[in-house]
Amino acid sequence: MSNKLKIVHYLNQFFGQIGGEDKADIPPRKEDGPIGPGTALNNSLGEDAEIVNTIICGDTFFNENLEESKSEIKEMLKEINPDLLIAGPAFNAGRYGVACGTVAEIAKTELGIDVVSGIYPENPGYEMFKQYAYFVETPDSAAGMRSALPDMIKIVKSYIAKNGELGSPEEEGYMSRGVRKNIFAEERGAARAIKMLVKKLDGKEFETEYPMPVFDRVDPVDPISNMTETKVALVTSGGIVPKGNPDHIESSSASKYGEYSLEGVMDLDEASYETAHGGYDPVCANKDSDRVLPVDVIRDLEKEGVIGEFHNKFYTTVGNGTSVANAKAYAQEIAENLLADGVQAVILTST
Amino acid sequence: MVKEIERAGIPVVHVATVVPISMTVGANRIVPAIAIPYPLGDPDLGKKEEKKLRRDIVEKALDALQTDIDEQTVFSVNEE
């Protein structure tokens, strides 16, 4: 490229040097030149590239006002019209990772701008948006900035040297985007396959050309040994809520979960409980919500001493069309609360 | 959701009507439920029988929570 590569850098409120969590609700804003980690990036890129603008948005604002943030940032990008977008690095900050990924998706799919970012592999932002950016692997906290920035700079420099035609993840040092590319190989497929097979038979390392997807599984936790001393909680994706749905949990694509007291509640009756779920016929659940959230039976079992204690709160959301990423995030928060309240076992009901 | 609760170290049993979905989402202890609109009930039964049915499912869920497993396992009420 003959001219300087024009880069926009996306940062959250913290790295954008506006403030911490108390400033996480700021809407997108555009600043001139590099800020924070962008300064180091810009200096290292020297004469080849320049960060012309920095877009900053609060992580909470971004995630709570997704459509608004997306359209505002898209307009900013359109106006600046950069050659490349750098986002983050986000490390293992979930909301930030999702924001970087979302911005990458807009840049790549709607404006045709390539994106370089850095993220911790378990940040949900990577799994959700990996096809939209060249993500370098970073440590899980900002303490890893020192290794993350040089890795990102390396990709940007290679991007410039190769006129935007980056090579494979192994060659360049970014994490797999899950994208398959046609290439010309020197040997035909059969010969390559036989070579791999021979290596495998010899017990040697070989590199597959088509890695199998990794399924995210969690090993079973050890069972409860003494139920009579165990505190049990109920969680449901069946949308059972106090009558009137006080927190307005959506009937589909729920944007939240609810936590409700069961203090003194022995039975879920028609007058006090209903379902917010829009994905099944609610008549039976509205008539008797114990059919989804078996409070009556668990109270009996508590009284009889079969279980130690019934946790006096339940957690609920609507599983209808709710994204895996959201469900996962709700459950992580729910689990934290359950642990904090000393809950030892959970029955989760789904419709 | 079930997976995240388990990841946090709390044993969890998934009472779910659509077992294949429960398997796909990665629940380890699964108890099949009755029907989507009434997983732990049956409006065609009398009140007493219905509660008995619900209790059977919950007791099976408690059994599952007390069972040592090393892979995804379905605990059916009617297989006893």
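The values are calculated or read from the model by the stated rules, or taken from the named source; none is laboratory data. Keep in mind it's a predicted model, so treat the numbers as computed, not measured. Cβ placement follows ideal geometry from the backbone for every residue including glycine, while neighbour counts extend to all protein chains displayed.
Remarks
- Sub-6 Å Cβ pairs linking a first residue in segment A:148-170 that is closer than 19 Å to residue A:3 by Cβ and of a type in the set (Gly, Ala, Ser) to a second residue that is assigned to a helix (DSSP H, G or I) and at pLDDT below 95, at least 6 apart or interchain, are A:158/A:172, ordered by first then second residue.
- Subset of segment A:276-292 [part of a loop (DSSP other than H, G, I, E, B) and either more than 7 Å from chain B (Cβ to nearest Cβ) or surrounded by fewer than 20 Cβ atoms within 10 Å (Cβ to Cβ) (or both)]: A:276, A:277, A:278, A:279, A:281, A:282
- Checking each residue in segment A:125-172 for being among the basic types (Lys, Arg) and assigned to a helix (DSSP H, G or I) picks out A:130, A:146, A:154, A:157.
- Any hit, segment A:201-224, residues being at pLDDT 90 or above, more than 29 Å from residue A:87 (Cα to Cα) and in contact with a strand residue (DSSP E or B) (Cβ under 6 Å, 6 or more places away or on another chain): yes
- Among the candidates A:238, A:164, A:244, the residue that is within 30 Å of residue A:343 (Cα to Cα), of a type in the set (Gly, Ala, Ser) and touching a Leu at 6+ places or on another chain (Cβ under 9 Å) is uniquely A:238.
- Residues of segment B:35-56 classified as in a loop (DSSP other than H, G, I, E, B) and surrounded by fewer than 20 Cβ atoms within 10 Å (Cβ to Cβ), total: 7
- Boolean, residue B:64 is under 18 Å from residue A:297 (Cβ atoms), part of a loop (DSSP other than H, G, I, E, B) and more than 7 Å from chain A (Cβ to nearest Cβ): no
- Inside segment A:225-258, residues that are away from chain B (no Cβ under 13 Å) and either under 22 Å from the mean Cα position of the chain (by Cα) or at pLDDT below 95 (or both) make up a count of 8.
- You will find that of A:93, A:104, the residue that is at pLDDT 95 or above, out of contact with any Leu (no Cβ under 6 Å at 6 or more places or on another chain), within 26 Å of residue A:325 (Cα to Cα) and crowded, with 19+ Cβ neighbours inside 10 Å is A:104 and no other.
- Filter result for residue A:121 (in contact (Cβ under 8 Å) with a residue 40 or more places away in the chain and either assigned to a loop (DSSP other than H, G, I, E, B) or among the acidic types (Asp, Glu) (or both)): yes
- Qualifying residue in segment A:195-205 (condition: assigned to a strand (DSSP E or B), over 22 Å from residue B:24 (Cα atoms) and either under 32 Å from the mean Cα position of the chain (by Cα) or away from every other protein chain (no Cβ under 13 Å) (or both)): no
- Among residues of segment A:82-105, those that are more than 19 Å from residue A:165 (Cα to Cα), of a type outside the set (Gly, Ala, Ser) and touching a strand residue (DSSP E or B) at 6+ places or on another chain (Cβ under 9 Å), counted: 7
- Residues satisfying the stated conditions in segment A:63-90, i.e. in contact with a Leu (Cβ under 9 Å, 6 or more places away or on another chain) and of a type in the set (A, V, I, L, M, F, W, C): A:77, A:84, A:85, A:86, A:87
- Residue ID - surrounded by the most Cβ atoms within 10 Å (Cβ to Cβ), chosen from residues in segment A:1-58 that are in a helix (DSSP H, G or I) and touching a residue at least 60 places away in the same chain (Cβ under 8 Å): A:37
- Unmet criterion (only one of (1) part of a loop (DSSP other than H, G, I, E, B); (2) out of contact with any helix residue (DSSP H, G or I) (no Cβ under 7 Å at 6 or more places or on another chain)) for residue A:241: (1)
- Annotation: residue B:10 fulfils all but one of (1) surrounded by 24 or more Cβ atoms within 10 Å (Cβ to Cβ); (2) within 8 Å of chain A (Cβ to nearest Cβ); (3) modelled with pLDDT of 90 or more; (4) in contact with a strand residue (DSSP E or B) (Cβ under 7 Å, 6 or more places away or on another chain); the unmet one is (1).
- Of all residues in segment A:250-275 being out of contact with any helix residue (DSSP H, G or I) (no Cβ under 9 Å at 6 or more places or on another chain) and not polar (S, T, N, Q), the one that is surrounded by the most Cβ atoms within 10 Å (Cβ to Cβ): A:258
- Residue under evaluation residue A:22, criteria (1) at pLDDT below 95; (2) under 10 Å from residue A:59 (Cβ atoms), criterion not met: (2)
- Of the listed requirements (1) crowded, with 22+ Cβ neighbours inside 10 Å; (2) within 7 Å of another protein chain (Cβ to nearest Cβ), residue B:17 misses just one: (1).
- Residue in segment B:34-47 that is within 10 Å of chain A (Cβ to nearest Cβ), among the small types (Gly, Ala, Ser) and within 22 Å of residue A:230 (Cα to Cα) present: no
- Selection count where residues are at the interface with chain B (Cβ under 9 Å from one of its Cβ atoms), closer than 20 Å to residue B:29 by Cβ and in contact (Cβ under 8 Å) with a residue 12 or more places away in the chain, scope segment A:293-314: 5
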